[in-house]
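To start, the structure under review is shown below, and the notes come after it.
None of the figures in this text is laboratory data; all of them are computed from the coordinates on show. This structure is a prediction, so every number in the text was calculated from the model and none was measured. A quick note on method: Cβ atoms are made from the backbone with ideal geometry, for glycine too, and the neighbour counts reach across all protein chains shown.
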Amino acid sequence: MSRTPVPGVTVRAPGKINLALRVGRRRTDGYHPLATVFQAVSVYEDVTARPSVTLGLSVTGAHADLVPTDGSNLALRAAQLLAETVGIEPHVHLHLHKGVPVAGGMAGGSADAAAALVACDTLWGTGLSRAGLGELAAALGADVPFALLGHTAVGSGRGDLLSPALSRGQYHWALALRREGLSTPEVFARFDETDGTAGSSEPEPDVALLSALRSADLEAVGRALGNDLQAAAIDLAPDLVETLAVATRAGALGVLVSGSGPTVAALGRTRAHALAIAAEMTAAGVADDVLYAAGPVVGARVVAG
Ligand code: C5P
């Protein structure tokens, strides 16, 4: 006789690349005003929520050993916040299967939080609206709302105020991963020490990039890629210079550090070209691992249960 599996809900949420990231002067609350264009890409976190007598967490997948499993884990905090909001106990076990690089600047932890919100919401039948979940997402972290939304969006405020952006075509990326991650607060702090005071209090989104995305002009998208945190990330991880150079020599249309790094994203003309850039980065020994990803893709959604 086969055992009946414990019912569960699995939600998949994407990682992101900041195609452009403009960072302003540090605010009094410690955050920085941003104008960014997010693209959700096909590296995913899968979060399965199952009923349990206590709040529990397990993690598998790439570099699972680097994921915190204590109270700082963003998926656990998401389940707790949702339970508190609707007035129930967080009796759930969360299993995270990691596909987004850990501490890589691609918002893997934020994707876990977004997926956990949707999974617990479905499991508990709380019936919160997407807007209600969006508010909880913003309370959990600046990048969590985008992992819920997916596709392409302009982020302002701390990066959590989103407006969807029109984007045509498919974008093919080679991602260079570095096992040793970078801490987002440390990268912002280095930005403050170097470029910080020159920044505007209200950075503007990149018009050339948005126009290139609307017309699916790959070359123009490549030219418009840019990240104000890149110099700070390179200061903390100088070997990124070589990674960027190898991708450029391999003919990438554009190349940049993703978010606060250290993942490097290189735009190919086609899937085959992105795979060739990834192979060059592997051969040159400038990445601990490489991945292919395509974007844009949808935000957090139920895939089973
Ligand atoms: O919101 P989240 O917890 O993901 O942010 C992590 C850290 O990154 C913040 O504590 C802050 O130091 C920095 N940050 C920032 N400005 C932003 C987003 C994040 O300074 N807009």
Suppose each label sits 7 Å from its Cα in the direction of the beta carbon; what would the THR194-LEU161 distance come out to in nanometres? 2.8 nm
Estimate the FRET efficiency between VAL53 and GLU219 by the formula 1/(1 + (r/R0)^6), using the beta-carbon distance for r and 45 Å for R0, to the nearest 0.05. 0.20
Listed residues VAL37, VAL86, VAL67; largest mean-square fluctuation, Gaussian network over the chain with Cα springs below 10 Å, found at VAL86
Cα centroid of segment 227-305 to Cα centroid of segment 94-159, whole Å: 22 Å
Fewest-first ranking of TRP124, TRP173, using other Cβ atoms within 10 Å as the exposure measure: TRP124, TRP173
Looking at the chain, send over the antiparallel percent of its DSSP beta bridges, to the nearest 5. 85 percent
Under a GNM of the chain (C-alpha, springs under 10 Å), which listed residue has the highest mean-square fluctuation: LEU140, LEU229, LEU55? LEU55
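Could you work out the relative contact order of segment 45-94? I mean the mean sequence separation of Cα pairs under 8 Å and 6+ apart, divided by the number of residues, in percent.
Relative contact order for segment 45-94 comes out at 62 percent.
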Give me the one-decimal nm value for the distance between modelled label points at ARG301 and GLU180, 7 Å along each residue's Cα-to-Cβ direction. 4.0 nm
Summed residue charge, Cβ within 15 Å of THR126's Cβ, Lys/Arg positive, Asp/Glu negative: -3
Among the helices of the chain (complete DSSP H runs), which have Cα atoms covering no less than 30 Å along the helix axis and a Kyte-Doolittle mean of at least 1.6? none
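May I ask you to derive the relative contact order of the chain, considering only C-alpha pairs under 8 Å and at least 6 residues apart, and to give it as an integer percent?
27 percent
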